[in-house]
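K.L.:
Quick one: this structure, given as structure tokens, is what I'll be asking you about.
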Amino acid sequence: MLKQVEGSISTAEAIGLCRPEVICAYPITPQTHIVEGLGRMVRSGELKNCEFINVESEFGALSACIGSSAAGARTYTATSSQGLLFMAEAVYNASGMGLPIVMTLGTRAIGAPINIWNDHSDAMSMRDAGWMQLFAETNQESVDLHIQAFRLAEAVSMPVMVCVDGFILTHAVERVDVPAQAEVDAFLPPYDPVQVVDPREPISIGAMVGPDAFTEVKYLQNYKQNLALKLIPDLASDFKKRFGRDSGGLLRTYRTEDAEMVVVAMGSVNGTIKDTIDEMRADGFSIGLVTLVSYRPFPTEELRNALKGRKHVVVVDKSFAIGMGGQLAADVDHALRNVDGAPHALSCIAGLGGRPITRASLRELFRKARKEPWEGMLFLDLNQKVVATEIEHMGSMRRSGPIAENLLRRLSVTPAAE
Amino acid sequence: MNDAVKELEPTQKLKFYQKGTFTVGNRLVSDSDRTVQASLDRSNAITCGHRACQGCGEALGARYAVDAAMRATNGNLIVVNATGCLEVFTTPYPETAWQVAWVHSLFGNAAAVATGVAAAMRVKGRKEVRVFAQGGDGGTTDIGFGCLSGMFERNDDVLYVCYDNEGYMNTGVQRSSATPPAARTATTDVVGAEPGNVFGTGKSLPKIAMAHGIPYVATATVADLHDLERKVTKAMSIHGARYIHVHVPCPLGWGAASHDTIRLARLAVESGFFPVFEAEHGVVTGSRKIRHRIPVAEYLKPQKRFAHLFKGGEDPRVARLQEIADRNIAEYDLLAHEGNV
Ligand SMILES: Cc1ncc(C[n+]2csc(CCOP(=O)(O)OP(=O)(O)O)c2C)c(N)n1
Ligand code: SF4
Ligand SMILES: [Mg+2]
């Protein structure tokens, strides 16, 4: 049914349609509205046969999910930022145990300095944790990806994180088509676990594994993600057949047919990039876009095919590994490794801590990529003056004080507009 | 059963015990009071072949506690285990000593995992299946404390059993918040001005559990396995959050002889150093009386972790440990008096 609705609410409705049996989460902005919505649905009886558990922390939340999933219940949780870090140990544990939990990550920056706004630092912090990670571009895709996520997770018995940009999507009111229960039921069969703790068939799960078998257990985790690489496109096409929409898949291309320059990005920023591409195409600039939906598993081959033969590749990362560079950029480099005449991949870091990514800045960025390509990271819209002043200040005295507060003070004296 | 004993039963409460040990053997009690292990159809949740040290109190306590819970639930039990000695010595890959549905996730989350298992059982209509979480003192009083308090506060239908060997044994005997003052651990070494663990630190988890107002809290020791089984059985007859704190000597960590495990647990009780009691909804309902009071030094002396207290003359800190025992005796009414046996 088409409706004008906040992203968190349509996402919550989609999760409800997946008939989760246990929901356990801890509040953190910007994930809150999703969980509140689900809590309301369970209390009102709209969502039947579901236990909604309020817990004392994110670590407790994912731990309870581990218990319910291991006991054979379809299980859901949601978090953001600090919350994901607080559950980090359980994040690895859930995937190591092969539990098909579905999590929404309302993506948000990680402190310090504390910041509630969107970027992808949280998702990137767990990119190696063994979870599959799917990035939604729109609230419609958030709805659709969650429905696919449960089927994907349960098919390979591995957890899936659906990354939905905090505020930009979670709090945006958009037109969304929320499917009917019968349609979702037909797409998503009841959960049939591959392993379950049950007194009827007592087994031990979570045993200590030494050097004799650890490599093999990890190999099989990776094997499952490889299976998912094949499964994700199948799910997307089955989804399209039933629901009539292109949603999910490993990656999508936009105006890449003849493009000399191809941009690679994940999440909601793809909308702005598409608008920019349309404008630049009108000016005769040959540019296209690869929207990466599945970050884990990483579709190396599909990406390589989409990028090889191009002149320029620009990767827009909404996070970066401090002391190294953009994570997505590094993975794109990896995909281009050993490719003859591979295009030069340029890395741009943008939108950190909620900084808007404007069409004007993107246009300038893409032009610069063609005219004067750079090495390393380019920070989009970095306030060079403030940075230079602080560097000078730090060099001028030992007790230079806290950087964040120094910057804020300086910005309040010389407003950001300057 | 011995007829003479049967005759005595209705008129005389148990007041006699095996000479020298102050324990009541199976032979002296009625069938219904005998241990689970004495029955032929016992469940034997932990089989032999596990890798615990000889004389491990935790292995013994866990075996009796889980078996009692198995019997109380007719085998419809799911056990959630925290990381620690018990988890490591029972599941050396690819073997498992558990004959019960068993899951281990992390060090600090057993209570929360148990909450999740209980929720799954509820939603699936498996009313008969009960959940039993267990961990060491470190996994319970320290790193797992947040999850545990959450489980208590929500009154989730979980029995949590803590095997308190007063330290992080699995990682090589470091101090936990259950380590007694003066005890030597790897992180409270017997060096410096105040050797061993610091006085005035630590916490009583049973008391904290009681403060949550949960339906049942009890303490027990491996010196009285009947009592442990009875408490587990009772706990399984109740729904909601329940907590049992079991004192389990660790020969390796305490520097004690393997054959002294039961004796040490008994001396801990008889000295008043470890109070054995029960509480319902936050109120103490009864305590196990000391049969033969001993000075706390008798409990401390066989343990190398306290050896530094007995080098040379009487260390004044022994008196401070005695004060702890005396306070327990007063607080939990541990001395037998008329009408109270
Ligand atoms: C998060 C985390 N921190 C530390 C450890 C290391 N560790 C494993 S078991 C253990 C000690 C367990 O102590 P306790 O809970 O008292 O059980 P015991 O071994 O004494 O029976 C520690 C510190 C861990 N596994 N996980
Ligand atoms: S170290 Fe202590 S608790 Fe661990 S197995 Fe040995 S005796 Fe048991
Ligand atoms: Mg311990």
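K.L.:
Looking at (1) modelled with pLDDT under 95; (2) surrounded by 15 or more Cβ atoms within 10 Å (Cβ to Cβ), which one does A:Pro199 not meet, given that it meets all the others?
P.N.:
(1)
K.L.:
Still on this structure: Within the stretch B:120-140, work out how many residues are within 18 Å of B:Val232 (Cα to Cα) and either more than 20 Å from the chain's Cα centre (by Cα) or open to solvent by 10 Å² or more (accessible area, probe 1.4 Å) (or both).
P.N.:
4
K.L.:
What is the residue count in the stretch A:277-320 for residues that are without any contact (Cβ under 8 Å) to a residue 40 or more places away in the chain and over 18 Å from A:Glu260 (Cα atoms)?
P.N.:
Of the residues in the stretch A:277-320, 3 are without any contact (Cβ under 8 Å) to a residue 40 or more places away in the chain and over 18 Å from A:Glu260 (Cα atoms).
K.L.:
Output the residue which, of all residues in the stretch B:127-144 that are small (Gly, Ala, Ser) and in a helix (DSSP H, G or I), is nearest to the other protein chains (Cβ to nearest Cβ).
P.N.:
It comes out as B:Gly139.
K.L.:
If you check A:Gly67, A:Gly96, A:Gly60, which single one turns out to be surrounded by fewer than 24 Cβ atoms within 10 Å (Cβ to Cβ), within 14 Å of chain B (Cβ to nearest Cβ) and farther than 27 Å from A:Ala404 by Cβ?
P.N.:
Every option except A:Gly96 fails the conditions.
K.L.:
Go through the stretch B:84-116 and give me each residue that's assigned to a helix (DSSP H, G or I), of a type in the set (A, V, I, L, M) and in contact (Cβ under 8 Å) with a residue 40 or more places away in the chain.
P.N.:
Within the stretch B:84-116, B:Leu86, B:Val88, B:Ala110, B:Ala111, B:Ala114 meet the criteria.
K.L.:
Could you check, for the stretch B:237-248, whether at least one of its residues is more than 25 Å from B:Val131 (Cα to Cα), within 16 Å of ligand 1 (Cβ to nearest atom) and surrounded by 19 or more Cβ atoms within 10 Å (Cβ to Cβ)?
P.N.:
Checked against the condition, which is being more than 25 Å from B:Val131 (Cα to Cα), within 16 Å of ligand 1 (Cβ to nearest atom) and surrounded by 19 or more Cβ atoms within 10 Å (Cβ to Cβ), the stretch B:237-248 yields no hits at all.
K.L.:
Still on this model: Considering only the stretch A:119-134, I want to know if a residue exists there that is open to solvent by 10 Å² or more (accessible area, probe 1.4 Å), touching a helix residue (DSSP H, G or I) at 6+ places or on another chain (Cβ under 8 Å) and within 14 Å of chain B (Cβ to nearest Cβ).
P.N.:
No, the conditions are met nowhere in the stretch A:119-134.
K.L.:
Answer yes or no as to whether B:Asp189 is more than 12 Å from ligand 3 (Cβ to nearest atom), open to solvent by 30 Å² or more (accessible area, probe 1.4 Å) and in contact with a Lys or Arg (Cβ under 8 Å, 6 or more places away or on another chain).
P.N.:
No.
K.L.:
Can you tell me which of (1) assigned to a helix (DSSP H, G or I); (2) more than 16 Å from A:Asn139 (Cα to Cα); (3) touching a residue at least 24 places away in the same chain (Cβ under 8 Å) is the one A:Thr11 doesn't meet?
P.N.:
Every listed condition holds for A:Thr11 apart from (2).
K.L.:
Name the one entry in B:Cys48, B:Cys53 that is within 16 Å of ligand 3 (Cβ to nearest atom) and either out of contact with any strand residue (DSSP E or B) (no Cβ under 7 Å at 6 or more places or on another chain) or within 11 Å of another protein chain (Cβ to nearest Cβ) (or both).
P.N.:
Result: B:Cys53 is the single residue among B:Cys48, B:Cys53 that is within 16 Å of ligand 3 (Cβ to nearest atom) and either out of contact with any strand residue (DSSP E or B) (no Cβ under 7 Å at 6 or more places or on another chain) or within 11 Å of another protein chain (Cβ to nearest Cβ) (or both).
K.L.:
Which of the residues that make up the stretch B:44-71 are away from ligand 1 (no atom under 16 Å from the Cβ) and surrounded by fewer than 21 Cβ atoms within 10 Å (Cβ to Cβ)?
P.N.:
B:Asn44, B:Thr47, B:Cys48, B:Gly49, B:Arg71, listed by residue number.
K.L.:
Out of all the residues in the stretch A:70-84, is one or more touching a strand residue (DSSP E or B) at 6+ places or on another chain (Cβ under 7 Å), more than 25 Å from A:Ser294 (Cα to Cα), open to solvent by less than 10 Å² (accessible area, probe 1.4 Å) and not in a loop (DSSP other than H, G, I, E, B)?
P.N.:
Yes - at least one qualifying residue is present in the stretch A:70-84.
K.L.:
Sticking with this structure for a sec: Among the residues in the stretch B:112-126, are any modelled with pLDDT under 95 and within 7 Å of chain A (Cβ to nearest Cβ)?
P.N.:
Within the stretch B:112-126, not a single residue is modelled with pLDDT under 95 and within 7 Å of chain A (Cβ to nearest Cβ).
K.L.:
Among (1) under 26 Å from B:Ala257 (Cα atoms); (2) within 14 Å of chain A (Cβ to nearest Cβ); (3) β-branched (Val, Ile, Thr), which single condition is B:Ile78 missing?
P.N.:
Status for B:Ile78: all satisfied but (1).
K.L.:
Would you check which residues across the stretch A:205-263 are free of Cβ contacts under 8 Å to residues at least 12 places away in the same chain and touching a Lys or Arg at 6+ places or on another chain (Cβ under 9 Å) and list them?
P.N.:
A:Asp246
K.L.:
Ok, one more. Against the condition more than 29 Å from A:Tyr254 (Cβ to Cβ) and within 14 Å of chain B (Cβ to nearest Cβ), how does A:Asp192 come out, does it pass?
P.N.:
Yes: the conditions hold for A:Asp192.
K.L.:
Test each condition in (1) open to solvent by 10 Å² or more (accessible area, probe 1.4 Å); (2) among the polar types (S, T, N, Q); (3) part of a loop (DSSP other than H, G, I, E, B) for B:Ser176 and report the one that comes out false.
P.N.:
So the condition that B:Ser176 fails would be (1).
This table checks each residue for (1) modelled with pLDDT of 80 or more; (2) out of contact with any Asp or Glu (no Cβ under 8 Å at 6 or more places or on another chain); (3) open to solvent by less than 50 Å² (accessible area, probe 1.4 Å); (4) within 16 Å of ligand 2 (Cβ to nearest atom).
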| position | (1), (2), (3), (4) |
| --- | --- |
| B:Thr73 | yes, no, yes, no |
| B:Leu77 | yes, yes, yes, no |
| B:Ala82 | yes, yes, yes, yes |
| B:Cys85 | yes, no, yes, yes |
| B:Glu95 | yes, yes, no, yes |
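K.L.:
Here's another thing I want to ask about it. Check off (1) away from ligand 3 (no atom under 14 Å from the Cβ); (2) open to solvent by 50 Å² or more (accessible area, probe 1.4 Å) for B:Ile143 and give me the number that stays unchecked.
P.N.:
Every condition holds for B:Ile143 apart from (1).
K.L.:
Could we say that A:Asp238 is part of a helix (DSSP H, G or I) and at pLDDT 95 or above here?
P.N.:
Yes, satisfied.
K.L.:
A follow-up question, please. Would you pick out the residues in the stretch B:81-111 that are at the interface with another protein chain (Cβ under 7 Å from one of its Cβ atoms) and β-branched (Val, Ile, Thr)?
P.N.:
B:Val88, B:Thr91, B:Thr96, B:Val100, B:Val103
K.L.:
To continue, here is another question. Looking at the stretch A:31-53, which of its residues are at the interface with chain B (Cβ under 7 Å from one of its Cβ atoms) and in a strand (DSSP E or B)?
P.N.:
A:Glu51, A:Ile53
K.L.:
Here's another thing I want to ask about it. Can you find a residue that is closer than 28 Å to B:Ser39 by Cβ and in contact (Cβ under 8 Å) with a residue 12 or more places away in the chain anywhere in the stretch B:206-215?
P.N.:
yes
K.L.:
Farther than 23 Å from A:Val196 by Cβ, touching a Leu at 6+ places or on another chain (Cβ under 8 Å) and in the same structural domain as A:Ala149 (by TED's automatic domain parsing): is that true of A:Gln82 in this structure?
P.N.:
Here the answer is no, as A:Gln82 does not meet what is asked.
K.L.:
Please go through the stretch A:256-276 and give me each residue that is part of a loop (DSSP other than H, G, I, E, B) and closer than 16 Å to A:Ala369 by Cβ, ordered by number.
P.N.:
A:Thr256, A:Ala259, A:Glu260
K.L.:
Which one of B:Cys147, B:Cys162 is within 13 Å of ligand 1 (Cβ to nearest atom), under 20 Å from the mean Cα position of the chain (by Cα) and within 7 Å of another protein chain (Cβ to nearest Cβ)?
P.N.:
Criteria check complete, one pass: B:Cys147.
K.L.:
Do we find that B:Asn155 is at pLDDT 95 or above, over 13 Å from A:Ala71 (Cβ atoms) and either away from ligand 1 (no atom under 11 Å from the Cβ) or open to solvent by less than 10 Å² (accessible area, probe 1.4 Å) (or both) in this structure?
P.N.:
It is true that B:Asn155 is at pLDDT 95 or above, over 13 Å from A:Ala71 (Cβ atoms) and either away from ligand 1 (no atom under 11 Å from the Cβ) or open to solvent by less than 10 Å² (accessible area, probe 1.4 Å) (or both).
The values are calculated or read from the model by the stated rules, or taken from the named source; none is laboratory data. Remember, predicted model here, so these are calculated numbers, not experimental data. Note that we place each Cβ from the backbone using ideal geometry, even for glycine, and neighbour counts take in every protein chain shown. For the accessible areas, the whole protein counts, side chains as well, though only heavy atoms, and no ligand, DNA or RNA atoms are used. Shrake-Rupley method; radii C 1.70, N 1.55, O 1.52, S 1.80 Å.
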